[in-house]
Amino acid sequence: MLKMKFKSLSVLLILLVFLTSHVTGQIFEPVKWKISAKTINETEAEIVATATIDAGWHVYATKVAENEADLIVKPVATEFNLTESPSFERVGKVVEGKFIKHLDPQFEAELFYFENNATFKQKIKYATKKPFKVAGEIVFMACNDERCIPPASELFEVTITPIGAAEGAVAPAELPVENTAVIETAAPGENTFGHVSWSYFVEQKSDSEYDLVMKAAMENGWHIYAQKLEGTEGPVPTTFKFTSLPSYAVIGEVKEGKPKREYDKNFMMNLDYFEGTTEFRQTVKLSGSEKPIIDVLIQFMQCDDESCLPPKSAFVKFDLSNLKAFGFDPLANVEAKDLKGEDPFKMKSVDLSAPVNNCGKEAENHSLWAIFLFGLIGGLVALLTPCVFPMIPLTVAFFTKGSEKGRGKQRAITYGFFIFLIYFLLSLPFHLSKNVDPEVLNSIATNSWLNLGFFVVFIFFAISFFGYFEITLPSGLANKVDSASNLGGGIGIFFMALTLAIVSFSCTGPILGTVIGSIYSTDVQGTFNFLGLEMSMPAAKVSAAMIGFGIALGFPFALFAAFPRLLKKLPKSGGWMDDFKVSLGFLEVALAIKFLSNADLVQQWGILKRETFFTLWIIVGALWLLYMLGIFKFKPGQGSKGMPKFKLVFTILIGAFTLRLIPGVLPSSGLNRFDFLSGFPPPKSYSWYHFEEEFKIYRDLAEAMKAAEAENKPVFVDFTGWACVNCRKMEDTVWPQEVVKSILAGEYIMCSLYVDEKVKLPAEEQFIYTTENGRKKKIEDVGDKWATLQTETFQNNSQPMYALLSERGQLLAPIEQYNDNVEEYVAWLKCGLDAHKRSKSEASLNN
């Protein structure tokens, strides 16, 4: 009994892991198909395929345009194919529902497609009175306004029951018997997974037909499951997925041996499974003379009487031209350069030290000063909170009263210095991690789950600022530190400063969290040299922010100790502090929405598009305005009374800002530009509306290089990210400038490579790569590919980063990063064009 419970528990855990991994690593499947059949009369029937299409996506008609031959590039039309059989014959062409005619900017043509749902019907004629099966395949491509997924194939099988059909076995959906003679058999390939070994081989049946054979041999006591089980709540059935290629078609379903059936008490259902050895066979038919290599993905679960192992995936290649079959691992620990003969992420033609034209000057790094000022502002904000502001006069009075002349001021200044020192010391742990993969920081900044974590934390901070609870450190810690502050001399003053830091944490903690969260969620990669020490740039920026925060927080104590009369000019504590704290809460909610937007952009969920983002910010602004007007409060007696001048001005600014956001939810208009917010809302391309694209931008470097060679233009390479704030600022404020736009759109081939694109690469393109510094990393998704290319070739991993390349891959000018100075940016672009002309001249002279 215990063994059976263990098996049930193990299967449940495995299924949970399997389902979780499926959700987090899902591939776009925006189209769901339902295939049905109905009899029309005694000799005719109709096969009906109905597609349910996700919002924003579309599926093309059986003819994509009026004049398909005129299209240089065109999407894949929907094909509704039935497998030939002696049981029936097709009548007429496929009949489809009413489609939409729309000018598609991606293909630059008026195309025919379906939205929301689509219906395709095929009539057949038959002479039999017995039920029979009809197999077929639907080939289709799904697209939205931003992307297309690769053409997919939906296999199906339906049963036709003629009117007045006699009872009996259903005729299988397969080709006539005379086509099944085996002509040639390939040598088998093998691989082993735990307690199950698979072997594969090809049987050639005719000039155009082949059988792909997959045999499973199980150890004694172990079994795998059949393809079809009674329900979805049980174990994982054995499934087969074949790559969809135009050069072949699958005939019917995968045939399997006869499974054993047994009632399983754990799953409370009958289960069909195989023991010992079993065979699976799929017939394919070539559509032309090409003999392709067909990839097959097998997924299965192996169990014994006590436990089940996690579901396994076997990858198989069937080479029909050589009649070979072999298993392979797409993530095998092999080098990409071993497979391709060269390193795919190091462009040999790019020489960072010797561009064709050394026109760019190395920009000074002012980012540390900017972060310091950011921290300084955060400290000033913290000063005005109820946890800190009332402490200033009390603490200064304590130091200045009853002390020797000058000693009180000296102790207060020391107190302020120790406050600064404590916050600086808090940044030191960020410097302890060494030899970190440079792309880890980018992964952190663009990680959707980390951004969701920031969203939750910032909402938590906001609720605290709204007055529902206070965030405090353990009271025992505060008591111990307070006791230590009774010590004399500098040690006692240090512990007094530490006590202030602890007891004020309920107000300073969320502000510090905002500062550090903003640093680690932006492009802060790289290193920083300080006094000869190589420091992580993120850690250096955290230290800069902490120094600014500590100075702003500690300086007033020293200032008012030196000039006690200034204390009289400080405003008294009161309801204005509540207003200030609640206002911080609304700011935290707005920032939380930004982090949620980052996660949505990276994962391309389509939930928080540009208009939704503005709608949420408008709601936040409206609630903030209502609070300032006193129309609602989070709790009785909260906030100041009346409308002093400063509060009135501040309230007017909130109202004006909220009104200014309204055009963001409307279609394109003159007020739809938000340069002052650039980088915060999602880009215009991520919208519920259709915005006309200002630039033609490639998303694959190889395609861009081909276009550059064809058009004799240099390539503008943009290493960017969905969650990159500075990237959006450049795209929204610099690129649209007429002088910049004319150069980019007219003189360059543009290519944007998203380093945080989480779309999975095909299995055959995934592998383990060893970087230049010896680290091994998996290349699994599109972002891995472009991030590694940027790091290995350009020795840089921050975004945005721009490179100007010739069509042969030469670096035309030094790389450029964030630069919102239009004149400098234009000069750099023109310098690249001059370099391209020079390289062309030198090439013609050499020839």
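For this structure, a couple of remarks:
- For segment 36-138, the list of GluC sites (Glu not before Pro) that fall in a loop by DSSP and count at most 16 other C-beta atoms within 10 angstrom reads E42, E66, E84, E108.
- Ligands, DNA and RNA excluded, the heavy atoms of V254 present near 20 Å² of accessible surface to a 1.4 Å solvent probe.
- Long-range amide H partners of A109 with built H, under 5 Å: D104
- Charge sum, other residues only, whose C-beta stays under 11 Å from E42's C-beta, Lys/Arg counted +1 and Asp/Glu -1: +1
- Extension reserve of the L761-S247 stretch, reckoned as 0.36 nm per residue once the Cα distance is removed: 182.8 nm
- Electrostatic tally near A226: other residues with Cβ closer than 10 Å to its Cβ, Lys and Arg +1, Asp and Glu -1, net +2.
- Per-pair calculated FRET efficiency, R0 = 51 Å: K101 and N322 via Cβ, rounded to 0.05: 0.65
- Other residues with beta-carbon under 10 Å from the beta-carbon of V665 carry, at +1 per Lys or Arg and -1 per Asp or Glu, a net charge of 0.
- Å³ per residue enclosed by the Cα convex hull of segment 595-639: 81
- Measuring between alpha carbons in the structure, the pairs from K696/K777; K74/K778; K594/K635; K541/K729; K74/K706 lying more than 24 angstrom apart are K696/K777; K74/K778; K594/K635.
- The length gained by stretching the chain between N712 and K260 to full extension, at 0.36 nm per residue less their Cα-Cα distance, is 156.2 nm.
- Shape parameters for segment 583-669, alpha-carbon atoms, Rg then Dmax in Å: 15.1, 46
- Additional length obtainable on full extension of the chain from T615 to E747, 0.36 nm per residue less Cα span: 43.7 nm
- Note on E110/D305: beta-carbon distance plugged into 1/(1 + (r/R0)^6) with R0 of 56 Å gives a FRET efficiency of 0.35.
- Here I463 and L629 are evaluated by their C-beta separation; at R0 = 22 Å the FRET efficiency comes out at 0.50.
The values are calculated or read from the model by the stated rules, or taken from the named source; none is laboratory data. Small disclaimer: the values here were computed from a predicted structure and weren't measured. Methodologically, a virtual Cβ is constructed for each residue, glycine included, from the backbone with ideal geometry; neighbour enumeration extends over all protein chains shown. What goes into the accessible areas is simple: the full protein's heavy atoms, side chains included, and nothing from ligands, DNA or RNA. Shrake-Rupley method; radii C 1.70, N 1.55, O 1.52, S 1.80 Å.
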